[in-house]
Amino acid sequence: AQLLGAPVLVVTPATLGTLNATALTAEALRARRLECAGVVIGSWPAEPGLDARCNLVDLPEAAGAPLAGVVPEGAGRLAPAVFRDLAPGWLAPHIGGTRAAAPDVPRLPGNPPPSPEYGGPSGA
């Protein structure tokens, strides 16, 4: 990135410890005068716990950069053509995606929505 003068995209898990790791990564990028274009959660669980839901909100502050995407768990097992078709919906427009500013958390086809306590439909 430094040789190209390109911004860096930080890909991180949604699990415990990610805020610290992301903050340290962002600090290292700043020390090298590298721009962080955003943070992508690289494996969003089908049934996220409270830690993952909180990290979704807190990661931009820890990184000092916007949340640029949320890739659902298991996306790497998709056929390449399916991955290509779905990936833009996981990413923010500033990095080439089509995701709205305040998206629903993505799910892979065939996965049920999260339960109501994790932001899924209440059934009412």
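The values are calculated or read from the model by the stated rules, or taken from the named source; none is laboratory data. The structure presented is a predicted model; accordingly, all values stated were derived computationally and were not measured. Virtual Cβ from ideal backbone geometry, glycine too; neighbours counted across all protein chains shown.
If the Cβ limit is 9 Å and pairs must be 6+ apart or interchain, which residue in region 26-43 that is in a helix (DSSP H, G or I) pairs with which residue that is surrounded by 12 or more Cβ atoms within 10 Å (Cβ to Cβ) and β-branched (Val, Ile, Thr)?
Hits for this filter: Ala26/Val10; Ala26/Val39; Leu29/Val8; Leu29/Val10.
Hey, among Leu34, Leu24, Leu29, which residue is modelled with pLDDT of 95 or more, touching an Asp or Glu at 6+ places or on another chain (Cβ under 8 Å) and hydrophobic (A, V, I, L, M, F, W, C)?
Details: Leu34 fails: touching an Asp or Glu at 6+ places or on another chain (Cβ under 8 Å); Leu24 fails: touching an Asp or Glu at 6+ places or on another chain (Cβ under 8 Å).
Selected residue: Leu29, the only one of Leu34, Leu24, Leu29 that is modelled with pLDDT of 95 or more, touching an Asp or Glu at 6+ places or on another chain (Cβ under 8 Å) and hydrophobic (A, V, I, L, M, F, W, C).
Taking region 1-25 only, how many residues are more than 12 Å from the chain's Cα centre (by Cα) and part of a loop (DSSP other than H, G, I, E, B)?
The number of residues fulfilling the criteria is 9.
So which residues in region 7-21 are closer than 21 Å to Pro72 by Cβ and out of contact with any Phe, Trp or Tyr (no Cβ under 8 Å at 6 or more places or on another chain), if there are any at all? Before the answer, list the steps.
Applying the first criterion (closer than 21 Å to Pro72 by Cβ) to region 7-21 yields 9-19, 21.
Within region 7-21, Leu9, Val10, Val11, Thr12, Pro13, Thr15, Leu16, Gly17, Thr18, Leu19, Ala21 qualify.
Any residue in region 11-25 that's closer than 17 Å to Val70 by Cα: show its pairings with residues that are of a type in the set (Phe, Trp, Tyr) at Cβ separation under 9 Å, as long as the two are six or more apart or on different chains.
As it stands, the answer is Ala14/Trp44, since those pairs meet every condition given.
Can you report the number of residues in region 88-98 which are more than 14 Å from Pro66 (Cβ to Cβ), without any contact (Cβ under 8 Å) to a residue 12 or more places away in the chain and in a helix (DSSP H, G or I)?
Residues meeting the conditions: 1.
Suppose the filter is within 19 Å of Arg99 (Cβ to Cβ) and either without any contact (Cβ under 8 Å) to a residue 40 or more places away in the chain or touching a helix residue (DSSP H, G or I) at 6+ places or on another chain (Cβ under 7 Å) (or both); does Arg53 pass it?
Details: within 19 Å of Arg99 (Cβ to Cβ): yes; either without any contact (Cβ under 8 Å) to a residue 40 or more places away in the chain or touching a helix residue (DSSP H, G or I) at 6+ places or on another chain (Cβ under 7 Å) (or both): yes.
Yes: the conditions hold for Arg53.
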